[in-house]
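S.K.: Encoded as structure tokens, here's the structure I'll be asking about.
Coordinate-derived values only; no laboratory data. The structure presented is a predicted model; accordingly, all values stated were derived computationally and were not measured. Reconstructed Cβ throughout: ideal geometry from the backbone, glycine too, with neighbour counts over all protein chains shown.
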Amino acid sequence: TDDLIEAEIVKIKHTVGMLKEYVNKFEKDGIFYTIISVEDKTAEVTFKGETYDEVDNEYQGDVVIPQTVSYEDVDFTVVGVGEKALYGCDNIRKLSVPLTVNYFDKGAVNSETLRELYWNSTMAFSKSVFVNPDAATNMILYITAETACDYDGNIVRNGVAENIVLTDAIPLQIT
């Protein structure tokens with residue numbers, strides 16, 4: 001009997017944990033978030049659904065991640081982009097990352113169709129944010145003067161072109 005009660009308690013705790021995770025996820029203006037800390041009022045960008053590969057192309061076109069997002073009358077600071085948050089989003093053309101972002105998980109962005117990435121964060125930019133860094137050949141990365149960067153593609157640093165090489169494979173289209 002005690003074993004059965006203990007097993008039921010474990011099931012209930014598991015269910016509560018899943019519900020808590022579900023409640024911590026929300027959507028605002030077409031962007032999906034997970035609350036990182038209610039106390040610190042922080043959130044990260046995430047994918048739609050329970051797993052990253054459940055829904056494709058939830059983000060398309062121009063995606064502007066805000067510095068803050070309001071949910072249930074609380075303003076949360078957007079501090080990161082979670083693992084594979086933008087994975088499977090083959091139609092993002094432009095992505096803007098705010099100053100408040102202090103982490104961007106590996107493999108978060110599918111880079112093949114991305115043409116412009118505005119990295120307003122002073123956090124170092126790493127090409128590891130791309131699912132396939134070698135596919136980002138026709139993208140332009142806009143970074144601040146202070147931003148460290150290991151990306152060897154097209155870079156505009158503080159408004160000055162540092163390294164621009166366009167390939168013939170995909171025509172550049174900046175709108």
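S.K.: Pulled fully out, how much extra length does the chain show between ARG93 and SER126, if you take 0.36 nm times their separation in residues and subtract their Cα-Cα distance?
M.R.: 10.0 nm
S.K.: Now for a different question. Using amide H atoms built in the peptide plane, which far-off residues or other-chain residues are under 5 Å from VAL81 H to H?
M.R.: When sequence neighbours closer than 5 places are left aside, the close amide H contacts are VAL45, TYR103, PHE104, ASP105.
S.K.: Under a crude label model (7 Å from the Cα following the beta-carbon direction), how far is ILE164 from ASN57 in nanometres?
M.R.: Simple spin-label model gives 3.1 nm for this pair.
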